[in-house]
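Q: Got a structure for you, questions after.
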Amino acid sequence: MPGGLRKLIASWPAARQLQGRDPLGLGAAAKSAHTDALRARTDAADRVVGSVCPYCAVGCAQLIYVKDDKVTQIEGDPASPVSRGRLCPKGSASEQLVNSATREYKVKYRRPHGTRWEELSLDQAMDMIADRVIATRDATWEERDEDKDVTLKRTLGFAHLGGATLDNEENYLLKKLYTALGAIQIENQARI
């Protein structure tokens, strides 16, 4: 057998597995120069930040690996009693959500009867929302009932339904905000 062919065959993992001290192919027999040079995306991280998956009501804990203020990897947190380090396919792919080239960074707004979207700054959009909340509250405020017997101090003009991934603290703050605004229809989807 020519030397070049012998060298090629000896480089194959199956040949290394049969000839070396790694008959199960769990270590050196499975390595190549390419795989030996590979490093985990988590190795180069500057810091690790704990978070919660944004997709559903389960609230799986995530470890967010960051390098130079950019998310490099998202993995399940093994310390979580909820998910024990596991993530579903959506949670596993959430790094793509954060770093997607198609991610929107501006507010898209289509005016009533408009035919196209406009880009607004976040400050302008928040001011528009605040103005509408105040206008709706003023237009729908009920100081007293129809017979003027019972003090109501409420509005039925808006309500709040919180997302399933909100935690107790967020729900507490939302309840306080909407109660202060006079809303009485305040709920959340908490399942945990």
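Residues checked against (1) touching a residue at least 60 places away in the same chain (Cβ under 8 Å); (2) more than 10 Å from the chain's Cα centre (by Cα); (3) over 22 Å from LEU166 (Cβ atoms):
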residue: GLY50; (1), (2), (3): no, yes, no
residue: CYS53; (1), (2), (3): yes, no, no
residue: GLY91; (1), (2), (3): no, no, no
residue: SER94; (1), (2), (3): no, no, no
residue: ALA101; (1), (2), (3): no, yes, yes
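Q: Then there's this: Tell me whether region 35-50 contains one or more residues that are farther than 27 Å from GLN73 by Cβ and out of contact with any strand residue (DSSP E or B) (no Cβ under 7 Å at 6 or more places or on another chain).
A: Within region 35-50, none of the residues are farther than 27 Å from GLN73 by Cβ and out of contact with any strand residue (DSSP E or B) (no Cβ under 7 Å at 6 or more places or on another chain).
Q: For region 120-135, which residues satisfy the criterion of being more than 24 Å from GLY157 (Cα to Cα) and surrounded by 12 or more Cβ atoms within 10 Å (Cβ to Cβ)?
A: Hit for region 120-135 is LEU120, nothing else.
Q: Give the residues of region 11-47 that are in contact with a Ser or Thr (Cβ under 8 Å, 6 or more places away or on another chain) and either under 25 Å from ASN99 (Cβ atoms) or of a type outside the set (Ser, Thr, Tyr) (or both), sorted by residue number.
A: The answer is PRO13, ARG41, THR42, ALA44, ALA45.
Q: In the set THR102, THR140, which member is within 25 Å of CYS53 (Cβ to Cβ), out of contact with any Asp or Glu (no Cβ under 8 Å at 6 or more places or on another chain) and of a type outside the set (Asp, Glu)?
A: Criteria check complete, one pass: THR102.
Q: Looking only at region 8-48, filter to residues that are among the acidic types (Asp, Glu) and either touching a residue at least 12 places away in the same chain (Cβ under 8 Å) or in contact with a Lys or Arg (Cβ under 8 Å, 6 or more places away or on another chain) (or both); which one of those is surrounded by the most Cβ atoms within 10 Å (Cβ to Cβ)?
A: Across region 8-48, the extreme among qualifying residues is ASP22.
Q: Name every residue in region 141-172 that is part of a strand (DSSP E or B) and under 30 Å from ALA61 (Cα atoms), in order of residue number.
A: Answer for region 141-172, where residues must be part of a strand (DSSP E or B) and under 30 Å from ALA61 (Cα atoms): HIS160, LEU161, GLY162.
Q: Here is a further query. Might you check whether a residue that is among the hydrophobic types (A, V, I, L, M, F, W, C) and exposed (fewer than 12 other Cβ atoms within 10 Å of the Cβ) occurs anywhere in region 150-160?
A: The answer is yes, given that some residue of region 150-160 is among the hydrophobic types (A, V, I, L, M, F, W, C) and exposed (fewer than 12 other Cβ atoms within 10 Å of the Cβ).
Bear in mind these aren't lab numbers, they're just calculated from the coordinates by the rules spelled out. Note that the structure is a prediction, hence the values are computed from the model and not measured. Please note: Cβ atoms are built from the backbone with ideal geometry, for glycine as well, and neighbour counts cover all protein chains shown.
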